[in-house]
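Take a look at the structure below.
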């Protein structure tokens, strides 16, 4: 979801020429390096411009403030994650896996995506996170990724209906997705005990199975 032009997260203008695209990429890479090496407090437009090897004036030509730079980093990361999800979807279909394995894989993928976004800039994600939800992005087939997830989970439950103790598969697919998303968000916001990701993944998958009344 590109930022509203009046939003503090919006770039002043998109790059339209190759030279401008190179400049924008250098700003992204410089900001990413500063965040990784020195943390969010060290990120300023002056430091980004210096690291990118450009003038502050050139930076301001595209970015009005550091928030717009961070937002652009998140948009770039989301583009990469979306491409990975599309490719993963071509190779792997959750509905074709055994139920327990499929749920663990779903939780693990969700944790990986959340970890990568949180690792970029946790405070920024907490403030503006609703703008950067993968589930709201539109896939090449026109569905949102949230709808794709729901449809995939529904098909998985339908294939295992003889093992499931709930009748409304549509509601159940939404419910287990919310279980995974809720625990995942709490984990990466550090509101849960310090538990290894693999162990947490298995616990969440078991909670989903318990909700489904799996036998």
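A few remarks follow.
- Being within 28 Å of residue 210 (Cα to Cα) and buried (at least 18 other Cβ atoms within 10 Å of the Cβ) is a property that holds for residue 153.
- Scanning the stretch 95-105 for residues that are assigned to a helix (DSSP H, G or I) and surrounded by fewer than 19 Cβ atoms within 10 Å (Cβ to Cβ) yields 95, 96, 100, 101, 105.
- Verdict on residue 135 being assigned by TED's automatic domain parsing to the domain that holds residue 187, in contact with a strand residue (DSSP E or B) (Cβ under 7 Å, 6 or more places away or on another chain) and assigned to a helix (DSSP H, G or I): yes
Matching residues to (1) in contact with a strand residue (DSSP E or B) (Cβ under 7 Å, 6 or more places away or on another chain); (2) under 30 Å from residue 202 (Cα atoms); (3) at pLDDT 90 or above:
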{"site": "2", "(1), (2), (3)": "no, no, no"}
{"site": "20", "(1), (2), (3)": "no, no, no"}
{"site": "47", "(1), (2), (3)": "no, no, yes"}
{"site": "81", "(1), (2), (3)": "no, yes, no"}
{"site": "98", "(1), (2), (3)": "no, yes, yes"}
{"site": "110", "(1), (2), (3)": "no, yes, no"}
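- Residue count for the stretch 24-47, restricted to those that are assigned to a helix (DSSP H, G or I) and over 12 Å from residue 59 (Cα atoms): 11
- Here the stretch 22-32 is the region considered, the condition is being out of contact with any helix residue (DSSP H, G or I) (no Cβ under 6 Å at 6 or more places or on another chain) and over 15 Å from residue 74 (Cβ atoms), and the residue that is surrounded by the fewest Cβ atoms within 10 Å (Cβ to Cβ) is 22.
- Residue in the stretch 180-193 that is in contact with a helix residue (DSSP H, G or I) (Cβ under 7 Å, 6 or more places away or on another chain) and farther than 28 Å from residue 39 by Cβ present: yes
- Residue that is farthest from the chain's Cα centre (by Cα), among those in the stretch 187-198 that are at pLDDT below 75 and either part of a helix (DSSP H, G or I) or outside the structural domain of residue 135 (by TED's automatic domain parsing) (or both): 187
- Residue 85 being in a loop (DSSP other than H, G, I, E, B) and either buried (at least 18 other Cβ atoms within 10 Å of the Cβ) or not assigned by TED's automatic domain parsing to the domain that holds residue 148 (or both): no
The values are calculated or read from the model by the stated rules, or taken from the named source; none is laboratory data. Being a predicted model, the structure only gives us computed values, none of them experimental. Cβ sites come from the backbone with ideal geometry, for glycine too, and all protein chains shown count toward neighbours.
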